[in-house]
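Read through the structure below, which is laid out as structure tokens, and then see the notes.
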Amino acid sequence: MNDRSGDGTTNTSLPPEPARAVRHILGIETSCDETSVSVLTASWEPDADVTYGILPQGWPQQIAVLAHLVHTQTSLHQPFGGVVPEVAARDHLAKLPQITAAALETSQLKVSDLTGIAVTVGPGLIGAVMVGCLFAQGLSEASGVPLWAINHVDAHLAPATLLESFDPQRDLGVWLPVRQARFPRISLTTSGGHCLLSLDTSPCERTFLGTTLDDACGEAFDKVAKMLGFPYPGGPHIERCAEQGNPQAHRFAQPLAGRDGFDFSFSGLKTAVLRAAQSRGEGVDLDKQTRADLAASFQSAALDHLIQRTAAALRAHPQALELVVAGGVAANKRFRAGLASATSVPVHFAPVSLCGDNGTMIALQALLEQRPALGVAPHARYFGNKKIKAALSL
Ligand code: KG4
Ligand code: ZN
């Protein structure tokens, strides 16, 4: 095993020195259309007590991702133009056991070697979540290895919290240096299902500042992509197509203009793109330049909305020492560049390879939790709905 913690010149071999405290975590993610299983190892100072999570005894010194397997169901859902929950759950059920076995084999670990099994318990498609949960619960009960119930939205932020970079082609089985995250911070999670701004005082203590009032940003990218004749998931297609377009070609109204607060809205923008597309033709019948101009103008308006709300949250919370950003939309290059230049604090993005759903982020979040616990977290959209929140006593 190579060591990238210092200047990259020293090498350490697995297993870590016996005196070191280590934990091996299996991470399982099945909440939407990725079946993903990862195994990671974290090491602490020799005398650290690592019975439970890292908070009581501090940050781990190094982390190595031993296995990072992501099976995407994209081709199964593409004919339907979006994720079909029943299809997703059945495919997770078919693939999860063999992917877990492959992850353990790649890591050269047995289930009994694990310190913990971490699994997404929500939010997500309920059938899909249940497949992962029940599988992990069975594995835990059969082996006696503790089970960590992980909130998927919290977990999206864990790679940006702990790692500077991670490229599975280069970094698998390599000791990675651990980033010293700073709190309080502002965090933004922007994906196909979620759009959340929060003020975090620790990796597990968050005050929600804003969420989307309608569609998530990634969802809007997917719907606009569909209008323009691109397959699901649409974000990467819009990004590529926009490179040839003029972002000023259509001046779409800024969502929630003149409204204070940190909530988001993308459905009005999506409808405006639909109207503009309809005035010029239908989907794939649009000519190449019209599609590129619509993609570029939409992307610019959607990303500016994210950037402006996030910059406003930072201005309103000057105590924030950094900004962390994660979720599928955080893979967008224009977004990364635009946000980094619009903020006054250091910005840490999740590594691009860990922006979409994956088991590594679930295992990393387990390192950040205080102790193993089983509990189902509410769907992120409920955070924005005061009536539901009150009814559920959240
Ligand atoms: O985090 P993720 O894999 O799944 C959820 O938890 O939702 O995010 C997937 C979303 C999709 O809506 C996809 O279109 C969007 O992230 N996405 C992007 C890009 N790559 C993925 N959106 C904009 N630009 C991208 N490059
Ligand atoms: Zn996600």
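The values are calculated or read from the model by the stated rules, or taken from the named source; none is laboratory data. This is a predicted model, so every value here is computed, not measured. Using ideal geometry, Cβ is built from the backbone for each residue, glycine included, and neighbour counts are taken over all protein chains shown. Just so you know, the surface numbers come from the protein's heavy atoms only, side chains and all, with ligands and any DNA or RNA stripped out. Shrake-Rupley method; radii C 1.70, N 1.55, O 1.52, S 1.80 Å.
Out of everything in region 111-122 that is touching a helix residue (DSSP H, G or I) at 6+ places or on another chain (Cβ under 7 Å) and either among the polar types (S, T, N, Q) or not in a strand (DSSP E or B) (or both), what residue ends up being nearest to Ile28 (Cα to Cα)?
Looking at residues that are touching a helix residue (DSSP H, G or I) at 6+ places or on another chain (Cβ under 7 Å) and either among the polar types (S, T, N, Q) or not in a strand (DSSP E or B) (or both), I get Thr120.
Name the pairs: first residue in region 225-249 and among the aromatic types (Phe, Trp, Tyr), second residue in a loop (DSSP other than H, G, I, E, B), Cβ to Cβ under 6 Å, at least 6 apart or on different chains?
So the pair list comes out as Tyr232/Gly81; Tyr232/Gly82.
Which one of His379, His348, His317 is within 17 Å of the chain's Cα centre (by Cα) and either modelled with pLDDT under 80 or more than 30 Å from Arg170 (Cα to Cα) (or both)?
His379
Exactly one condition in (1) surrounded by 21 or more Cβ atoms within 10 Å (Cβ to Cβ); (2) touching a strand residue (DSSP E or B) at 6+ places or on another chain (Cβ under 6 Å) is not met by Asp263; state its number.
Exception for Asp263: condition (1).
Any residue in region 332-346 that's over 13 Å from Ile186 (Cβ atoms): show its pairings with residues that are open to solvent by 70 Å² or more (accessible area, probe 1.4 Å) at Cβ separation under 7 Å, as long as the two are six or more apart or on different chains.
none
Within region 282-331, how many residues turn out to be within 15 Å of ligand 1 (Cβ to nearest atom), open to solvent by less than 10 Å² (accessible area, probe 1.4 Å) and more than 15 Å from Met227 (Cβ to Cβ)?
8
Go through region 140-159 and give me each residue that's assigned to a helix (DSSP H, G or I) and touching a residue at least 60 places away in the same chain (Cβ under 8 Å).
Result: His152, Val153, Asp154, Ala155, His156, Leu157, Ala158, Pro159.
Just give me the residues in region 185-216 being within 12 Å of ligand 2 (Cβ to nearest atom) and within 28 Å of Ala292 (Cα to Cα), in sequence order.
Thr189, Thr190, Ser191, Gly192, Gly193, His194, Cys195, Ala216 - these are the residues of region 185-216 that are within 12 Å of ligand 2 (Cβ to nearest atom) and within 28 Å of Ala292 (Cα to Cα).
With the condition kept exactly as written, say whether any residue in region 224-240 is away from ligand 2 (no atom under 16 Å from the Cβ), closer than 24 Å to Ser165 by Cβ, among the small types (Gly, Ala, Ser) and surrounded by fewer than 17 Cβ atoms within 10 Å (Cβ to Cβ).
no
Select from region 339-365 the residues that are part of a loop (DSSP other than H, G, I, E, B) and over 14 Å from Gly328 (Cα atoms) and write down the one among them that is nearest to ligand 1 (Cβ to nearest atom).
Looking at residues that are part of a loop (DSSP other than H, G, I, E, B) and over 14 Å from Gly328 (Cα atoms), I get Thr343.
Quick one: Ala253 ticks every box in (1) among the small types (Gly, Ala, Ser); (2) in contact with a strand residue (DSSP E or B) (Cβ under 6 Å, 6 or more places away or on another chain); (3) open to solvent by 50 Å² or more (accessible area, probe 1.4 Å) except a single one, so which number is it?
Every listed condition holds for Ala253 apart from (2).
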